[in-house]
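All of the numbers you see were taken from the coordinates with simple rules; none came from a lab. Computed from a predicted structure; not experimentally measured. Counting neighbours? That spans all protein chains shown, and the Cβs are built from the backbone with ideal geometry, glycine included.
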Amino acid sequence: MSQTEFRKIVALVPVRNEAHIIETFLRLTLKFADHVFLADQQSTDGTVAIAEKFDSVTIIENRSAILDDGARSGMLIDAARKRFGDQCILFAIDADELFCPSPEAYKELEEVRQLPGGTTLLFDKPSFVESTSKWIEYGPSFPLGYIDDGTTYKGIWFHSRRVPEGPEKAEFCCHAIKFVHLDALDFDAMLAKRRLYAFREKDYGKSFTTLIWRGNSELFMRYGLRNVSPVDQRVMDCFAEHDVDFSLLRRSRPLWWDIEVLHRFQANGFRRYQWADVWDCDWEEILMEAKAGGEEGLPDSISRPSILVTFLRMLGLRIYYSLFVAWRRIRRIDS
């Protein structure tokens, strides 16, 4: 048996309040991974208790109060290397990215085991759109894996690459191994996540209103989800064979992203965020639900932007969106 066949496959997974899906996720992930490292960032919903029932799962406590993508990825990579060395095959995936355990996927995993160190693995991450009957396929374009060679990982705080990049920038496209993304299956939850993204960018990074709009507005998200196609029935059959019931994989309310936003309102005030496109939900109802659930440190009430600010924000957003769509159409014509 060659040295490459001894390589462990290690999954690196950041989690926070994933109790609704973590059992299904770990059950599927451990069908291809030898070990899973979970970096839990202060979950309060029983995520850790569920994960502790699985063998071959190591839970790391992420005590940071800041959502830092690069830091948590680095934490996971360091933990894997400390435990197993720097010759493993790393898979960096989220809990809402489910491995489809097909025969073709297992066959391709054997090819992956033979790749040289320093190779980045590119995967398709098809995304369900509001139901399990339609999705968007992107092709193998997401760098979710790496044949480890000890290369230093360099991450950034937001939207960071999850794995190192080898010195030769070698890549291998995986066509059979798929991680089906559930992000847009629960569209309200996806909007809540994007609202928190807007707050993160305002607090720690991008300050131009147009950038905040572009990255997180529902208009732009729906534009990005327009190229849907029917789901491959073979994928659904595969999930059914492994007892995956997507109707049960729904987050409880109120969503933790919205609670985090309420804490930011309390810490920084409402005026700071009046131009951000985060006012499309009933914050008063969310605040009431959070308080009923015993959440502390929240504002007493919601102070919404003025009618004038709301009008100007929506007008600017519509103009910016129209220009963006026109630019994309011109690019298609030119190409």
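Note that the range 10-18 has calculated 3J(HN,Hα) couplings of 10, 9, 10, 9, x, 9, 7, 6, 10 Hz, one per residue in order, obtained from phi through the Karplus relation 6.51 cos²θ - 1.76 cosθ + 1.60 (θ = phi - 60°); glycine and proline are x. Classify the range 3-181 from the C-alpha gyration tensor, please: rounded if a/c falls under 1.5, else prolate or oblate depending on whether a/b exceeds b/c. Note, shape of the range 3-181 comes out rounded. For THR58, the residues 5 or more places off, or on other chains, whose built amide H falls under 5 Å of its own are VAL36, PHE37, LEU38.
Each residue of the range 31-36 is assigned a 3J(HN,Hα), and the resulting list reads 7, 10, 9, 6, 8, 10 Hz, derived from the Karplus form 6.51 cos²θ - 1.76 cosθ + 1.60 (θ = phi - 60°), x at Gly and Pro. Summing Cβ point charges (Lys, Arg +1; Asp, Glu -1) relative to the Cα centre of the range 3-181 gives a dipole of roughly 180 debye. Dipole magnitude for the chain: about 1340 debye, using +1 per Lys or Arg Cβ and -1 per Asp or Glu Cβ, origin at the Cα centre.
Each peptide in 150-163, 309-322 gets a packing score, the mean of other Cβ atoms within 10 Å over its residues, and the list from highest to lowest is 150-163, 309-322.
Annotation: the antiparallel percentage among DSSP beta bridges lying fully within the range 3-181 is about 35. Rounded to the nearest Hz, the phi-derived 3J(HN,Hα) couplings of the range 321-329 under the Karplus curve 6.51 cos²θ - 1.76 cosθ + 1.60 (θ = phi - 60°) are 5, 4, 5, 4, 5, 4, 5, 5, 5, where x marks glycine and proline. The mean sequence distance of close C-alpha pairs (under 8 Å, at least 6 residues apart), as a share of the length of the chain, puts its relative contact order at 16 percent. Considering the options ALA39, ALA290, LEU109, tell which one lies farthest towards the positive end of the dipole of the chain, charges being +1 on Lys and Arg and -1 on Asp and Glu at the Cβ, about the Cα centre. Result: ALA290. Taking amide H as placed 1.01 Å from N in the peptide plane, the amide H of GLY166 sits under 5 Å from that of THR120, each at least 5 places away or on another chain. Site pair MET236 and ALA292 shows an inter-label distance of 3.4 nm when each label is modelled 7 Å from Cα along Cα→Cβ.
Summarising the amide proton neighbourhood of CYS88: residues at separation of 5 or more, or on other chains, whose placed amide H is nearer than 5 Å comprise ASP148.
Where both bridge residues fall in the chain, DSSP classifies roughly 40% of the beta bridges as antiparallel.
In this label model, GLU52 and GLU110 are separated by 4.0 nm, measuring between points 7 Å along each Cα→Cβ vector.
Summary value for the range 3-181: 26 percent relative contact order, contacts being C-alpha pairs under 8 angstrom separated by 6+ residues.
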